[in-house]
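The values are calculated or read from the model by the stated rules, or taken from the named source; none is laboratory data. For clarity, every value in this text was computed on a predicted model and none was experimentally measured. Neighbour counts are summed over all protein chains in view; Cβ atoms, including those assigned to glycine, are modelled from backbone coordinates with ideal geometry. To get the accessible areas, we keep the full protein, side chains included, count just its heavy atoms, and leave off ligands, DNA and RNA. Shrake-Rupley method; radii C 1.70, N 1.55, O 1.52, S 1.80 Å.
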Amino acid sequence: MTAFRVGLLGHGTVGAAFHELLEQRAPEVEATTGQRPEIAGVLTRSRGDFDEILDGSDLVVELIGGLEPAREYVLRALRAGRHVVTANKALLAQRGEEVFGAAREAGAQLRFEAAVGGVVPAIRVIGETLAAAHVDRVHGIVNGTTNYILTEMTRTGVSYGDALSQAQALGYAEADPTDDVTGRDAAAKMAILARLAFGASVSLEDVSYEGVEHLTESDIAYAEELGLSLKLIGTAERVGDGLSVRVHPAFLFGAHPLASVNGSFNAVTIESPAITEITLSGPGAGGPQTASAVLGDVVSAMIPPPTLPPPPVELPLVSDVESAFYLHLEVADRPGVLAQVAEILGLQGVSIKSVVQKGLGDDARLEMVVHRVLESKFLAAVGLIGRLEFLRARPRVIRVIEETF
Ligand SMILES: NC(=O)c1ccc[n+]([C@@H]2O[C@H](COP(=O)([O-])OP(=O)(O)OC[C@H]3O[C@@H](n4cnc5c(N)ncnc54)[C@H](OP(=O)(O)O)[C@@H]3O)[C@@H](O)[C@H]2O)c1
């Protein structure tokens, strides 16, 4: 077994979650890459020595955040030929060219999926999947705190101040939420996305930004009246021969892919003539979520990079699964019909979530949605219902996916 030694700088929310995840997933990573990752050393303010960690590492993960000393450590690791994985948007948005240059000169990899959108793989898709595509525009909801605030203002009608307090109580917003609510955090992330999507040197100072602090309940109410969603949107787009990168609140029509991205979720929409658009969405922050993107980067940087799935494991295939169902029945319109149907469903352990009955002359239509139940039980009940003498047509069944995010 060859070990792949990972030096870990920072052991806070993301660093500690990454440490735990790496130890949990090491056997799967070894099966894919042939190398078993292990933590070679940890640096915080009170433990570890950077030079020792660097000497003993094949790759350095930087999860300290901020400009210094993260910048110095990243540059030193790259110049020593180590691959670096970081989640540091401040560093990349403000000193990106310096660190990209150091990686280029040293021939080392610099991976930073977690710096934008948490676990949403926007960096990988723009930088690798769409590396040869001509991108016209990137729109993003790239700050989970402000998206949570706007979602709560819309959902419950609370004021901006109350929604911010809720976000802080739930740990979505920092004690000092200035960078989030002013749009500065989103601006840093849009600078990074623009750098990748358009190849132009864009840093935080090039991005104009406006936040959500001045938005009121009435702005949200107008949006609802007009069927619009109010979101903090980052945009990077080609304008004539140039580029515009900006962050501001914007109304979206309901059919826009970002309109239904709610709560602390992030999403990025990439527009290109060849592909129309691709939207990626998911949790934008959180220790375990961000750690998962960091570990993905570590695995990608391992040599040889995994291009094939690991040898298959034995997993039995399950054919009888649980689902919610929609059931459509055409029946004679007479008393007791619904009760008989409900009794048969009940005997099979199927519970009705909602039911609608509509008259059709002498007949009636029963439409119902039932709670999650094993498919075999539900279909057994439908078989029995299908034999009832008051049925006018074969029962129709469609599966219902109930999850919402
Ligand atoms: N939290 C999220 O959900 C999230 C999401 C996406 C990206 N990120 C990014 O991930 C990075 C880490 O964020 P985090 O939330 O994990 O931060 P955090 O909880 O504040 O942890 C920071 C860690 O860095 C260490 N540190 C700070 N200054 C140091 C120094 N001078 N020398 C050595 N170590 C030092 C701290 O040490 P002590 O333990 O001694 O204080 C702590 O272990 C940041 O770049 C952030 O932007 C975070």
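Do you know which of the residues in the stretch 4-37 that are within 16 Å of the ligand (Cβ to nearest atom) and in a loop (DSSP other than H, G, I, E, B) is nearest to Leu59 (Cα to Cα)?
Gly10
For the list (1) in a helix (DSSP H, G or I); (2) within 9 Å of the ligand (Cβ to nearest atom); (3) farther than 29 Å from Gly284 by Cβ, I need the number of the one condition that Arg47 fails.
The number of the failed condition is (1).
Just need a number here: residues in the stretch 251-289 that are open to solvent by 60 Å² or more (accessible area, probe 1.4 Å) and more than 16 Å from the ligand (Cβ to nearest atom).
Residues meeting the conditions: 9.
Would you mind finding the one in Ile192, Ile220 that is under 30 Å from Thr13 (Cα atoms), in contact (Cβ under 8 Å) with a residue 60 or more places away in the chain and surrounded by 15 or more Cβ atoms within 10 Å (Cβ to Cβ)?
Ile192
Among Ser57, Ser46, which is the only one that is more than 29 Å from the chain's Cα centre (by Cα) and within 25 Å of Gly118 (Cβ to Cβ)?
Ser57
Report, by residue number, each residue of the stretch 61-85 that is buried (at least 21 other Cβ atoms within 10 Å of the Cβ), among the hydrophobic types (A, V, I, L, M, F, W, C) and within 15 Å of the ligand (Cβ to nearest atom).
Hits for the stretch 61-85 are Val61, Leu63, Ile64, Ala70, Val74, Ala77, Val84, Val85.
For the stretch 97-116, which residues satisfy the criterion of being small (Gly, Ala, Ser) and touching a helix residue (DSSP H, G or I) at 6+ places or on another chain (Cβ under 6 Å)?
Passing the criteria: Ala102, Ala103, Ala106, Ala108, Ala114, Ala115.
Hey, which of the helices (runs of 4 or more DSSP H) in the stretch 141-230, taking only ones fully inside, have at least 1 residues that are more than 27 Å from Glu113 (Cβ to Cβ)?
144-156, 160-169, 217-225
Inside the stretch 266-319, can you point out the residues that are in contact with a strand residue (DSSP E or B) (Cβ under 6 Å, 6 or more places away or on another chain) and part of a strand (DSSP E or B)?
Asn266, Ala267, Val268, Thr269, Ile270, Glu271, Glu277, Ile278, Thr279, Leu280, Ser281
Starting from the stretch 80-108, keep only residues that are among the polar types (S, T, N, Q), then list their pairs with residues that are buried (at least 23 other Cβ atoms within 10 Å of the Cβ) whose Cβ atoms are within a distance under 7 Å, requiring at least 6 positions of separation or different chains.
Between residues of the stretch 80-108 that are among the polar types (S, T, N, Q) and residues that are buried (at least 23 other Cβ atoms within 10 Å of the Cβ), the close pairs are Thr86/Glu62; Thr86/Val74; Thr86/Phe112; Thr86/Ala115; Asn88/Glu62; Asn88/Ala115.
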